[in-house]
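Scroll down for the structure; my scribbles are underneath it.
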Amino acid sequence: MRVAIYPGSFDPITYGHLNIIERGARLFDKLVIAVAHNVKKQSLFTVEERLDMIRETTQDFPNVEIDAFSGLLIDYANSKNACAVLRGLRSLSDFDFEFQMALMNHRLNPDIETVFLMTGEEHLFVASQLVRELGSFGGDISGLVPPLVHDRVKEKFK
Ligand code: ADP
């Protein structure tokens, strides 16, 4: 059974993430979406709220599992018997950071591959940060996130 981990902050989940999830779920037997507990990063939504939104927007994928983790990603991937870490790429600036992470994770465990999927072109500019910023100013985020997430963001800034 080929298991992949798709880690991230998902603060909140966007159509860009969902595009990677849909395609990743086709490539692997099981895809674990893993929300990173990062105490250093200030977040808009709690981990529970993020997990909840992911759960509700990925119900149609039978081989997707949802979880949260803290500590080293590669240790977590090991504990799940994963063969791969899945990441999405939007731009050259993503690449820089992702390249460094992938090399480091390869050093830590060469048995776990990092697999990159290029973003769907319609999601090139979709980022959680943009959703948070637009949301805080009352901007229209309806094309960036599913309706349920749209409502939760609106509620946060009410
Ligand atoms: P963000 O960078 O939007 O805060 P995360 O930290 O939650 O997102 O990222 C998790 C993974 O999803 C990363 O590999 C990131 O590059 C990828 N990702 C985020 N948004 C998109 C998008 N619009 N298209 C493709 N991949 C994306």
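The values are calculated or read from the model by the stated rules, or taken from the named source; none is laboratory data. All figures in this text were calculated on a predicted structure; none of them were measured in a lab. Using ideal geometry, Cβ is built from the backbone for each residue, glycine included, and neighbour counts are taken over all protein chains shown. Accessible surface is based on the protein model in full, side chains and every heavy atom, while ligands, DNA and RNA are left aside. Shrake-Rupley method; radii C 1.70, N 1.55, O 1.52, S 1.80 Å.
Points to keep in mind about this one:
- The range 56-86 and the range 97-158: distance between their alpha carbon centers, rounded to Å: 16
- Amide H contacts of Leu86 (H built 1.01 Å from N, in plane; Pro and chain starts excluded): Ile5, Tyr6, Val115 sit under 5 Å, all sequence-distant by 5 or more or on other chains.
- Dipole moment magnitude, nearest 20 debye, the range 3-156 about Cα centre, only Lys, Arg, Asp, Glu C-beta charged: 240
- Whole-Hz ³J(HN,Hα) from phi, Karplus 6.51 cos²θ - 1.76 cosθ + 1.60, for the range 67-81, glycine and proline x: 7, 10, 8, 9, x, 6, 4, 5, 5, 5, 4, 4, 5, 9, 6
- Listed peptides 103-110, 9-16, 121-128, 79-86 by packing density, highest first (mean Cβ within 10 Å): 9-16, 79-86, 121-128, 103-110
- Once all protein chains are placed together, Thr58 keeps about 10 Å² accessible to a 1.4 angstrom probe.
- Dipole of the chain, positive direction: furthest Cα of Ser9, Val39, Ser128, with charges on the beta-carbon: Val39
- At most 11 other Cβ within 10 Å, DSSP loop - trypsin sites (Lys or Arg not before Pro), the range 1-46: Lys40, Lys41
- Straight-line cross-link partners of Lys156 among the lysines, defined as a Cα under 30 Å from its Cα and at least 8 positions apart when in the same chain: Lys40, Lys41.
- Distance (nanometres) between label positions extended 7 Å along Cα→Cβ at Leu134 and Asn38: 2.1
- The chain, relative contact order in percent, only Cα pairs under 8 angstrom and at least six apart counted: 29
- Taking Ser43, Ser93, Ser136 in turn, the Gaussian network model of the chain (Cα-Cα springs below 10 Å) assigns the largest fluctuation to Ser93.
- Computed from phi, the 3J(HN,Hα) profile of the range 112-128 under the Karplus parametrisation 6.51, -1.76, 1.60 (θ = phi - 60°) reads 9, 8, 9, 10, 9, 10, 5, 4, x, 4, 6, 10, 4, 9, 7, 9, 4 Hz, with x in place of Gly and Pro.
- Using θ = phi - 60° in the Karplus curve 6.51 cos²θ - 1.76 cosθ + 1.60, the 3J(HN,Hα) couplings for the range 11-24 round to 10, x, 5, 10, 4, x, 4, 5, 5, 5, 5, 4, 6, x Hz; x is entered for Gly and Pro.
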